[in-house]
Structures are given as structure tokens and as C-alpha cells.
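The values are calculated or read from the model by the stated rules, or taken from the named source; none is laboratory data. Since the model is a prediction, treat every value here as computed from it, not as a measurement. Positions of Cβ are backbone-derived with ideal geometry, glycine not excepted, and every protein chain shown enters the neighbour counts.
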Amino acid sequence: MTLVTFGETMLRYAPPPGERLAAAEELSVHVGGAESNVAVAAARLGREAVWLSKLPASPLGDRVERAVAAQGVTTEVVRSETGRQGVYYVEFGGRPRGTDVRYDRADAAVTTATPAELATDRIAAADAFHTSGITPALSATLGDTTRELLATARSAGTTTVFDVNHRSKLCSAEAAAETLADLLGLVDVLVVAERDAETVLGRSGDPAAVGRALIDEHGHETAVVTRGAEGAVAVTADAVVEQPAFEADTRDPIGSGDALVGGFLARRLAGDDLQTALEYGAATAALARTLDGDMALVSPADVAAVVDGNAELSR
């Protein structure tokens, strides 16, 4: 069972926890992007995963592609002589300061990606295709490309998966809602954070009711409403499944939502029922929070141990 994803992957630079960027003398380097994070989690959990994107023909582009491929993901990447490598910076801070993310992704190579230069045959042959609301927020070109790729998947009978994944530092909630209005009718499996359902999609209240309303409005087969520390709820036309979050000592929260999606899709593609898949997604997310970097570098045994309650002692 094959999962294909499409989106930008960046280099991430971060000073040591508790230090400010302005004063840092060293920065750690990681590679991450929502769609490649999902592909990595699925690949680590035994699914065939393919990541489509566009990167600069540069050592930094090489660094990104190599990092994704190293986790077992097949990379179908267009290389461009123009455009740059997207970057983001993160400062980790406890309360009350919190964690701050700063993007530097203007004019990234991926912003000019069109369906004609991407391996759309991979999408047509896949079991599922995943992208997120981050991608169309990056450029008008990517808005058109995202829609065409979802339509390609739909035409081929490939299950379409879309994570709203709103980033207020990329576009306003109003602009995101306008963009999504043209996309949501092409989505079979919708993933949306509870806060994004309210601010972008105008839906609030009981998460199961939110999921049901979105299914009724857009014709999704499944809606997954994520709730952070409260877990997640998955809704279909005839079922509601609730899954609490697994407790985790959080070392790095970035990418945990993508890990949930990757774990969920890995098990759904393997034929598991909604409850089992959501449980595995939540366990994958918990593990991701204990790891540095955006990618969920987990194994099936790791996730099974969390699900079974046997994760704290290994001898």
C-alpha cells in the first residue's frame, strides 16, 4: 500500500533550548516539512511512501533530499537552478515565553512547482495522496498545483488526504478559508486541528459534531479532529471514535501532528479499523514529542509498546 505526499521541506535551525537566536553561537540543524514528515512516519511504520517536491540544485537542497530518503522514503524531487532552499528558525522556551518559529521561505524553489514537472504518475498509482494547507499558502502557483494534484488523485481513484494545518505566519485565516473553499470538495480524509476548524472553517463546539458537519458539507469519507493534549476524534458517516493523547515528556513538539497523521495513515493503509489507526496515530505523535527534530524516527515496535503500555522500560 503506497502513500504519496507533496509539499515543501525546509532546513530548521535552532539555538540550544533557553537561548535566543540573537545571542546564539551555535545552531542545530534538522530537516522537516509537514508532508515529508507524514511520509517519513508512514515509511518508518512499514508503508511504501513517496515524497514529491521541488528543491534548489544546491548543497542545501541535497541535504534536504538526503535526509528524507535516509528514512526509507522514495524522493521524486524536481531540481531547479532558480529559487532557494526554504528555512525556518525556532527558539524553544518554556512558559511564559513559549516556542517561537520564524520562517524564511520567500522565493523557495517549491513555490514555482507545477503538475507538469512533478511525478503525477506516482499519485495516480498510489493508494493515498496527502498534502496540507501549508502548500497552497506558499504561492498562487502552488494553490493551483495543489488543486490539480488532488483532482488527479480523485480521477485515479486514489484516496485524498488533506490536513488544514493553518499557519498564521503564512496567511490569514480568511485567506486560508478562501483557498480551501476550492479544495475541500476534493478531499476524502480531512484532518483539522480543533483551533483551525474554528478560525479557518468556522466550526466550533463538540469535535464529533464538527467532524460530522464537515462531512455533511464537503462529502469527506472521514474527518479527524485533533485536539492537542486532549487527543483526537475521528468521524465517518456511521462511526465516531475518540482517542485520548498518550502522555509524553515533551522534548520537541514540532512535527507531532504530522506524526499522528503518518501513524494513522500507515495503519489505515494496512487495513486496520478507525479505532486502531487513530490509536497508533496518537502513539506515534507521543513518541515524536520525545525526539529532537521534526521527523518521527520511530519503529513499529516503539509504537506498539506505547499502545500496549510497555514503553517505559526496555532491558
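Scanning the stretch 52-61 for residues that are assigned to a helix (DSSP H, G or I) and either touching a residue at least 12 places away in the same chain (Cβ under 8 Å) or at positive phi (or both) yields L60, G61. Among the strands (runs of 3 or more DSSP E) confined to the stretch 62-150, the ones with at least 1 residues that are within 30 Å of A23 (Cβ to Cβ) are located at 87-91, 100-104.
Only one of the numbered conditions (1) free of Cβ contacts under 8 Å to residues at least 60 places away in the same chain; (2) surrounded by fewer than 23 Cβ atoms within 10 Å (Cβ to Cβ) is not met by A49, and that is (2).
When the stretch 7-35 is limited to residues that are among the acidic types (D, E) and either part of a loop (DSSP other than H, G, I, E, B) or surrounded by fewer than 19 Cβ atoms within 10 Å (Cβ to Cβ) (or both), the one that is farthest from the chain's Cα centre (by Cα) turns out to be E25. On inspection, A137 qualifies as modelled with pLDDT of 95 or more and in contact with a Cys (Cβ under 7 Å, 6 or more places away or on another chain). The listed residues are T120, T112, and the only one of them that is at pLDDT 95 or above, within 17 Å of S58 (Cα to Cα) and hydroxyl-bearing (S, T, Y) turns out to be T112.
Kindly indicate the residue of the stretch 140-157 that is hydroxyl-bearing (S, T, Y) and over 18 Å from the mean Cα position of the chain (by Cα) and also surrounded by the fewest Cβ atoms within 10 Å (Cβ to Cβ) among those meeting that condition. Taking the candidates together, the pick is S155. Residue under question is V298, and the condition is that it be among the hydrophobic types (A, V, I, L, M, F, W, C) and part of a helix (DSSP H, G or I); does it hold? In short, no. Would you confirm, using the coordinates I've provided, whether A125 is of a type in the set (G, A, S), crowded, with 23+ Cβ neighbours inside 10 Å and in contact (Cβ under 8 Å) with a residue 24 or more places away in the chain? No, not satisfied.
If you go through the stretch 200-210 and pick out every residue that is crowded, with 19+ Cβ neighbours inside 10 Å and farther than 16 Å from G257 by Cβ, you end up with 3.
Just one residue in the set V77, V38 is of a type in the set (A, V, I, L, M, F, W, C), surrounded by 20 or more Cβ atoms within 10 Å (Cβ to Cβ) and touching a His at 6+ places or on another chain (Cβ under 7 Å); that residue is V38. Surrounded by fewer than 22 Cβ atoms within 10 Å (Cβ to Cβ), among the basic types (K, R) and either out of contact with any helix residue (DSSP H, G or I) (no Cβ under 7 Å at 6 or more places or on another chain) or over 28 Å from S168 (Cβ atoms) (or both) - does that describe any residue in the stretch 99-107? Yes, the conditions are met somewhere in the stretch 99-107. How many residues are aliphatic (A, V, I, L, M), modelled with pLDDT under 95 and loosely packed, with under 14 Cβ neighbours inside 10 Å when one looks only at the stretch 271-315? Going through the stretch 271-315 one residue at a time, the tally reaches 1. Listed conditions (1) out of contact with any Pro (no Cβ under 6 Å at 6 or more places or on another chain); (2) of a type in the set (A, V, I, L, M); (3) free of Cβ contacts under 8 Å to residues at least 40 places away in the same chain are all met by V233, apart from (1).
Every residue, every condition in (1) surrounded by 15 or more Cβ atoms within 10 Å (Cβ to Cβ); (2) under 14 Å from L11 (Cα atoms); (3) of a type in the set (V, I, T), yes or no:
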site: P56; (1), (2), (3): yes, yes, no
site: G83; (1), (2), (3): yes, no, no
site: G86; (1), (2), (3): yes, yes, no
site: T111; (1), (2), (3): yes, no, yes
site: A119; (1), (2), (3): yes, no, no
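Remark: L265 falls outside the filter, which requires a residue to be buried (at least 19 other Cβ atoms within 10 Å of the Cβ), more than 19 Å from V192 (Cα to Cα) and within 18 Å of the chain's Cα centre (by Cα).
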